[in-house]
1. Output the relative contact order of the chain, whole-number percent, from Cα pairs under 8 angstrom with separation of 6+ residues.
2. For Glu657 and Gln701, what does the FRET efficiency come to when R0 = 35 Å and r is the distance between their Cβ atoms, rounded to the nearest 0.05?
3. When the accessible area of the range 287-372 is computed with all protein chains present and a 1.4 Å probe, what percentage of it is carbon and sulfur?
4. Cross-link partners among lysines for Lys194, C-alpha distance below 20 Å, same-chain residues fewer than 8 apart left out?
5. So if we plug the beta-carbon distance of Leu431 and Ile601 into 1/(1 + (r/R0)^6) with R0 = 25 Å, what FRET efficiency do we get, rounded to 0.05?
6. Pairs Lys360/Lys446; Lys443/Lys472; Lys443/Lys497; Lys673/Lys721; Lys544/Lys673; Lys357/Lys442: which exceed 19 Å Cα-Cα?
7. For a quick check of your reading of the filter: which trypsin sites (Lys or Arg not before Pro) in the range 440-548 sit in a DSSP loop and have no more than 11 other Cβ atoms within 10 Å?
8. Could you pull out every residue, at least 5 positions away or on a different chain, whose amide H is within less than 5 Å of the one on Arg13? Hs are placed 1.01 Å off N in the peptide plane, and Pro or chain starts have none.
Amino acid sequence: MTINFNDNWTFLREGKEPISVTLPHDAMITEPRRASCRNGVNSGYFPGGKYLYEKVFSVGEDMLGKSLALHFESIYQNAVVTVNDKEAARHLYGYTAFDADISDLVKLGENTVRVCVDNSLEPNCRWYSGSGIIRPVTLLVRDRNYIKTVHIETVSIDPAVLRVETDGDTIEIYDGETLCASGKPGEITVPNAKLWTAETPHLYTCVVRSSTDERRLDFGIRKLEWSTKNGLTVNGKEVLLRGGCIHHDHGVLGACEYRESEERRIRLLKENGFNAIRVAHNPASQILLETCDRLGMYVMNETFDGWYTPKTYHDYSRIFWDHWKEDITAMVESSRNHPCVVMYSIGNEVTETASEKGCKVCAEMRDYVHFLDPSRPVTAGINVLLNVYTNKGLGIYRDKGEYRPEPLPEANGYKEKKSGSAFFNALARQLGGLMFTMSSGKKGDKASRGAAEALDIIGLNYAASRYDEDAKNYPDRMMVGSETMAGDLPYNWERVKKYPQLIGDFVWSAWDYLGEACIGDWTYHSYKGLPLLAGQGMIDITGKPLAAMAFMQTVWGLHDKPYIGVRPLNHNHEKPSTGAWQFTNAIDSWTWQGYEGEKAIVEVYTNAARVRLSLNGREVSTKQVKNCKAIFRLPYTPGTLKAEALDDSGVVLSCSELTTGGKETVLCVRPEKDTAAPGEIVYVPVEFTDPSGEIKPYIEQRVEIQVEGGELLGFGSALCKTDEVFDKTFHDSYRGRTLAVLRAGKADKVTVTASSAGYATAAAEIRITSIDSV
């Protein structure tokens, strides 16, 4: 029996009154941001801290004598769990799941569990980690002789044969309510099987029973193979991975992991053309993997950002040698029965692979993963340029004396020289196109050869210049673009299609995130405050697809019409600072009231040979398309902007338009759901539009929000540089848009009301239904 253990916790923070919270809970998102924060841009200037969670729960006679375990999906980090003042578990890594066996610590009646969390030693992560019990908790109530292992592997697909390894006695396979097959541990044939792919994500249920226990889990029947001849195949068919990297946070919610949040993110990623994600740079949650199973999304699941060489002073490197096997085991065990997981990654930009010692460690880790699960290939993200510099003695982290697990000084008392991934990020801004050539040639070959030999598939971070060379020189080497830039996709995707041994491309990043603040954003200096968001997403933190997303869809061949984007006219007289990752900040809008006569820069994306742009029926210009893009400049005039895609002969292949919205502006509250069950998470965009819904991206002003009948969990915008936070009832709009996220209460309805100076108040209702009727 699995019991939800997320309600009625008491949260204590030093110097603050105790408050009641529902898990998951992120303590970092409510910490005061400050410029002196040791984490700096890594976390968006949010500090960590020490926290205590406490819950009183009852144990009845029916539970005494049974196996009782608290299953924690993730606690960031350094967690100590006690029950009735006796230690039940201690877990250091903030991204892997663990169980606390409390069978012999409970008593009849009331019991108290306490979870101490210590995220005070910082910096310890290169992005926003969150703090506290950031993923759900369950209480597992089982017989002492419970079923401990269930591993399902597809042996063949025609016929469909499964291998089920378990310490249970009997096995049944169900398709919905229909029993399809049954047997004992070992091989079981499923007749007329429906196969799982990202396009057809059909799931079965496996029921394993013993004399004392029953386990149920959903799985998919799919056969995974990989070779340089056929590439990555799923059920015998080659799959090209249209991939994107994601971090674990959920924007205005911080690091809290809600099922509705993951479902929304994966759904939007899939709708925008992605068929694969890389979970960077930490193991995925069960919620994420279950969502990818159900919706259909391939996953590269990753253990670590680094190994034994530090990237920040207090990071995982300090415990690597003692814990890497434990944490790899946790990731693999959490992934084995999920058909969505097609690769394991054991590290990211691990400069250790520039050395013989590091390559031996890499091979040891690869072999250990294969020992746990031989059915999937092992990769790692290798930054070839970073390895080249490491071989020159540059960009290497060097401790100043012996490591001390103590707080570092704030403000000017602590400065960390950029090394590893941070060193590369700084270089990327300076080198630009030189990065491409510097990863090629003999130096790049030497810097990556050891890693390639130690991995099943070498992941190449920003090293597309190796594709042609390595395909020719190493015909038995398999590759994946594990981290790339959107602007390079035309070059990269051409080679993914050309070389079977190059199985896909993962852009950095598919979805924007907290931390690594302003590293990719086109930042205008009129925006004041501390950097907060990375500004690197193809989709922003509110879930809005950006121009770069449309560009990728064009390159993938998923857009049959030209995309028109316009750089923000409300910042025409500012020159932004730009990062290396985003090549544009265009918006799909021709609604810029008050900016008539201003020079507009228009970007059109298409696979056609040429583009003809016209405004209000008059041709502006016709241009050749280079790398799927053409750029036009013209004075802004309201009306209809039209782009026509032309072939070499001038024949119109397709067209699209942007039309100026009406002059009247209204504030709109647009819940993404009309109904919700009590406790359900609901996303509510709040936008400035015309009466027909055309957004007005130049309106950026304070919006206030009220929620009745529910709980406001977060409210904010996609602005990368701001002193605003997400736990208030007010926030400035950005590009005409804000986003509220709420939890539905138990009343008949939730009412969301928004107001902003100069505009009529707007409201919307969400009807609350019983769980059974949803």
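1. Relative contact order, the chain: 9 percent.
2. 0.75
3. Working: 1290 of 2470 Å².
Ligands and nucleic acids excluded, carbon and sulfur reach 52 percent.
4. Lys223, Lys237
5. Approximately 0.50, to the nearest 0.05.
6. Pairs exceeding 19 Å: Lys443/Lys497; Lys673/Lys721; Lys357/Lys442.
7. Those that pass, being in a loop and sparsely packed, are Lys528.
8. The list, which skips near neighbours in sequence, is empty: none.
The values are calculated or read from the model by the stated rules, or taken from the named source; none is laboratory data. Note that the structure is a prediction, hence the values are computed from the model and not measured. FYI the Cβ positions are ideal-geometry reconstructions off the backbone, even for glycines, and counts take in every protein chain you see. Please note that ligands, DNA and RNA were not included when accessible areas were found on the heavy atoms of the full protein model with its side chains. Shrake-Rupley method; radii C 1.70, N 1.55, O 1.52, S 1.80 Å.
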